Amino acid sequence: MLDPERRRQAGGHEFTLHLTYRPPYDWERLCDFLAQRAITGLEWVGSDHYGRSVVWQGAKGHFTAYHDPGANRFRVVLVVDEPNALEAMEGNIRRVLDVDRDTQAIETHLTQAVPGLALVEGLRLPGIWSQFEAGIKAVLGQQVSVAAARRLAQQLVDALGEPWGESQRHFPEPAAIAESDLAFLGMPGARRDAVRRLAEWHVNHGNDHEASEWLSLKGIGPWTVSYAQMRGASHPDIWLGGDLGVKKALGELGGADPDAAAPWRSYLTFQLWNR
């Protein structure tokens, strides 16, 4: 439910939300991570804000979250075409920005579980708006650099994303991807086929399923599923042990046992990526 302050701030279909968090919160690293992967028209990132267009439970809109470190919160301006979707939209924005975790407790656990780990305080999980979007981006990013994966995702959004407003686009719907031959994507045909299979799966099964079910699809492996779970559903205990950067960083720690970091292995993964 909206609290009285939020009701007073609501004007038409535009709402201002205040999402507080418990410090520390390393906004700079989260912002940099999102900026390196931001898709023009779909997302916008600056030194004090992150925003994007959104579709959630049939409602469409966009939000911009402005970081206010002095108040330990984000001021979020959300525009949505269906006001009844406000509460659900807010919940997903909270997840994407990872404002509800107690990072001090998580980092205390990681320090005990992985001796010698030099922690980045306040490191958060950078969310992707949906597990479907995260899965598609993971397939696009298979065996290529972050920059190359971003270019492919940009091409996908430019070609198939529904226009929103004057210059924005939504991430493409599953049907739009499934019905395209994706010839505009400069990547191997096998990966284009995997993208289409994942989209077809969502057309036939909707969004109410576990990403692990994707493993039945040719071209979708454990890393893709785990990445989608970690960023598209913000699962806190995903271990990307097959990632080369994670392997290297863990080796520098003397081969510590990552299972000891459960139930926070997603945070360990990001800590190792930030070494």
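The values are calculated or read from the model by the stated rules, or taken from the named source; none is laboratory data. Predicted, not measured: the structure shown is a model, and the values here were computed from it. All Cβ positions, glycine included, derive from the backbone under ideal geometry; neighbour counts span all protein chains shown.
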Inset, instruction - Filter region 152-169 down to residues that are in contact with a Leu (Cβ under 7 Å, 6 or more places away or on another chain) and in a loop (DSSP other than H, G, I, E, B), then give me how many there are. - result: 1
Legend entry - Breaking point among (1) more than 21 Å from the chain's Cα centre (by Cα); (2) among the charged types (D, E, K, R); (3) more than 26 Å from LEU97 (Cβ to Cβ), for GLU166: (3)
Inset, instruction - Just give me the residues in region 126-151 being at pLDDT 95 or above and not in a helix (DSSP H, G or I), in sequence order. - result: PRO126, GLY127, ILE128, TRP129, SER130
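On the given criteria, is LEU78 modelled with pLDDT of 95 or more, in contact with a strand residue (DSSP E or B) (Cβ under 7 Å, 6 or more places away or on another chain) and not in a helix (DSSP H, G or I)?
Working: modelled with pLDDT of 95 or more: yes; in contact with a strand residue (DSSP E or B) (Cβ under 7 Å, 6 or more places away or on another chain): yes; not in a helix (DSSP H, G or I): yes.
Here the answer is yes, as LEU78 does meet what is asked.
A quick yes/no check of all residues on (1) within 24 Å of VAL96 (Cβ to Cβ); (2) surrounded by 17 or more Cβ atoms within 10 Å (Cβ to Cβ):
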{"site": "ALA183", "(1), (2)": "no, no"}
{"site": "VAL195", "(1), (2)": "yes, yes"}
{"site": "HIS209", "(1), (2)": "yes, no"}
{"site": "TRP214", "(1), (2)": "yes, yes"}
{"site": "GLY219", "(1), (2)": "no, yes"}
{"site": "SER226", "(1), (2)": "yes, yes"}
{"site": "GLN229", "(1), (2)": "yes, yes"}
{"site": "GLY232", "(1), (2)": "yes, yes"}
{"site": "HIS235", "(1), (2)": "yes, yes"}
Legend entry - Filtered residues of region 17-48 (kept if free of Cβ contacts under 8 Å to residues at least 60 places away in the same chain and charged (D, E, K, R)): GLU28, ASP32, GLU43, ASP48
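Kindly indicate whether ARG22 is at pLDDT 95 or above, out of contact with any strand residue (DSSP E or B) (no Cβ under 8 Å at 6 or more places or on another chain) and in a helix (DSSP H, G or I). Please lay out each step first, then the result.
Working: at pLDDT 95 or above: yes; out of contact with any strand residue (DSSP E or B) (no Cβ under 8 Å at 6 or more places or on another chain): yes; in a helix (DSSP H, G or I): no.
No.
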Legend entry - Pair list, Cβ under 8 Å, 6 or more apart: region 199-221 residue part of a loop (DSSP other than H, G, I, E, B), other residue among the basic types (Lys, Arg): LEU217/ARG197; LYS218/ARG197; GLY219/ARG191; GLY219/ARG197; ILE220/ARG197
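Taking the options GLY161, GLY186, name whichever one is in contact with a strand residue (DSSP E or B) (Cβ under 7 Å, 6 or more places away or on another chain) and within 25 Å of PHE33 (Cα to Cα). Reasoning before the result, please.
On the way: GLY186 fails: in contact with a strand residue (DSSP E or B) (Cβ under 7 Å, 6 or more places away or on another chain).
Being in contact with a strand residue (DSSP E or B) (Cβ under 7 Å, 6 or more places away or on another chain) and within 25 Å of PHE33 (Cα to Cα) holds for just one of GLY161, GLY186, which is GLY161.
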